[in-house]
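Read the figures in this text as sums done on the coordinates, not as results from a lab. Since we're looking at a predicted model, the values are computed, not measured. Cβ placement follows ideal geometry from the backbone for every residue including glycine, while neighbour counts extend to all protein chains displayed.
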Amino acid sequence: MNEPARAPTRHVSGGSGGASDDPTARPATNAAAILTALGETDAESEALRRLSDEAVALLARSGLPRIMTPAVYGGDQATPRALIEAERILAHASPAASWVLMVCGAHTFVAGRLPRAGQDEVFGPDPGTLIPGVPSRQGTCMRTDGGYLLEGRWSFASGVDHGDWVMLGSRGIRNAADQPTPAMLVVLPKADVTVDDTWYTLGMRGTGSKDVVLDGVFVPERRAVRMSDAWLGTVPGVEIPLYRLPVNATLATLLLGSIVGMSERGLQLFVEETRSRIDAYTGEPKVHSAGLQRRVAEARAEIAHAWALAQENCDLLEEAMRHDPPMAAPARAQARWNAAYAAELCRRAAERLYAGAGARAAHDSNVVQTAFRDVSTATHHAMLDFDTTVEMQGKLLLGVEQNEALI
């Protein structure tokens, strides 16, 4: 029977050509440097339902969008741990900015598998370019001369108002000559997509995660890669360890930096509010309530455990970078489960704190409510679906066969 994977705690660089001996130090320092200024943009991003221009400018000046960019173009080519650490820090000031950095960083990580000519086009002019998009197969692609035609609607394109490029996944269909097309992952200019503003949501309002629509848009082969190869990290010719990591396990892990950071922020805001709250009927300070004391203690333990699981995943991914792809299925399943369970712990913590925040938390302007809405929305990401991943992990532990390509 397969056993759950474990890995020693070690740090590695993103591969040959990496920019730093310590892959987390500089991004974390840069994130901390813009924290105060970024916090001042958060209310505007929330009101605009997209990142404010100043928030985007701060990210660009910080160099953080280059964390996952190949070193040959001037990027950091760091490990996922570096991006996760930066996300966690930024989420204390602006969950929306943290989320957009995470999404675009994840897409940069995937774009490192494109043919070299496509990478030259995308990263050559600006190694810190933001790449919003939707890598899941929501639309279709059809083979044509020199490339592919894409059509359909893709939802949840976080940060699509910013950046010059968009990444999309697609399911293949037959063309007029009855030729089959594999599922493809593509990058195309943002000018080639139509943005449909559907982003009216419970939380994460500042991320601008709108829909994009394509109607027969051509994408050349140099900016396309077969999804089955990209997802497992087995694209022929790709030798840099960072870009040979599996997408599912890595993306699920990357989500945790933002989610844990915004959860820590929510706990901090709850504690600050509770210290000044007075019971409306007894006149006693709320901090004397044993029930609220328990809520704070449990929430802190849940969030701390979620971060420990994120770090365990970083260890698993860094261990995988020392070996040829694909990453072993038990390790991928363990990473998926760790991420889903960590997100569930953060969701429980946010729900527990909001339930104890009092009637004033019903107002949209209440900071504890905002934190609750953001965590609740973020943890609904499909990659963190609890029911799907608990089944994966249960089958792994019980030795039940499953489709390893889906892990």
* Asked: Based on the Kirkwood radius over alpha-carbon pairs, what is the Stokes-Einstein translational diffusion coefficient of the range 229-379 at 20 °C with 1.002 mPa s viscosity, in µm²/s?
  -> 126
* Asked: Under a point-charge model restricted to the Cβ atoms of Lys and Arg (+1) and Asp and Glu (-1), what is the dipole moment magnitude of the chain relative to its Cα centre, in debye to the nearest 20?
  -> 460
* To do: Give a residue-ordered list of calculated ³J(HN,Hα) values for the range 104-114 (Karplus: 6.51 cos²θ - 1.76 cosθ + 1.60, θ = phi - 60°; whole Hz; x for Gly, Pro).
  => 5, x, 5, 6, 4, 4, 6, 5, x, 9, 5
* Exposure rule at most 14 other beta-carbon atoms within 10 Å, DSSP loop chymotrypsin sites (Phe, Trp or Tyr not before Pro): the chain longest free segment -> 1-199
* Structure fact -> Checking Thr274, Thr198, Thr282 against a Gaussian network model of the chain (alpha-carbon springs below 10 Å), the top fluctuating residue turns out to be Thr282
* Asked: What is the sum of charges around Glu351, taking Lys and Arg as +1, Asp and Glu as -1, for the other residues whose C-beta is under 12 Å from the C-beta of Glu351?
  -> +2
* Along the range 74-91, what does the Karplus equation 6.51 cos²θ - 1.76 cosθ + 1.60 (θ = phi - 60°) give for ³J(HN,Hα), rounded to whole Hz, x for Gly and Pro? -> x, x, 7, 6, 8, 8, x, 4, 5, 5, 4, 4, 5, 4, 4, 5, 4, 5
* the range 30-119: GluC sites (Glu not before Pro) falling in loop per DSSP and having at most 16 other Cβ within 10 Å -> Glu40
* **Kirkwood Rh in Å, taken over all unlike Cα pairs in the range 175-221** => 13.5
* Asked: GluC sites (Glu not before Pro) within the range 322-407: which are DSSP loop residues with at most 10 other Cβ atoms inside 10 Å?
  -> Glu401
* Asked: Which ³J(HN,Hα) values in Hz, rounded to whole numbers, follow from the phi angles of the range 299-315 under the Karplus curve 6.51 cos²θ - 1.76 cosθ + 1.60, where θ = phi - 60° and Gly and Pro get x?
  -> 4, 4, 5, 5, 5, 5, 5, 4, 5, 5, 5, 4, 5, 4, 5, 4, 4
* Structure fact -> Neighbours of Gln402 by Cβ distance under 11 Å: Lys/Arg at +1, Asp/Glu at -1, summed charge -2
* Asked: Over all Cα pairs of the range 70-189, how is the pair count split among 10 Å bins, expressed in % and running from 0 up to the last occupied bin?
  -> 13, 39, 33, 12, 3, 0
* Percentage of Cα-Cα pair distances in the range 329-383 greater than 15 Å, rounded to whole percent? -> 53
* Asked: Which of (1) 22.3, 67; (2) 22.1, 72; (3) 21.3, 78 is the computed Rg and Dmax of the Cα atoms in Å for the structure on display?
  -> (3)
* Structure fact -> Taking N as the number of residues in the range 160-200, the ratio of its alpha carbon radius of gyration to 2.2 N^0.38 Å works out to 1.51
* To do: Starting from one equal scatterer on each C-alpha and no solvent at all, send me the Debye-based log10 I(q)/I(0) for the range 14-114 at q = 0.16 Å⁻¹, two decimals.
  => -0.61
* Based on alpha-carbon positions alone, could you give the equivalent ellipsoid semi-axes of the range 129-279 from the gyration tensor, as √(5λ), descending, whole Å? => 37, 19, 12
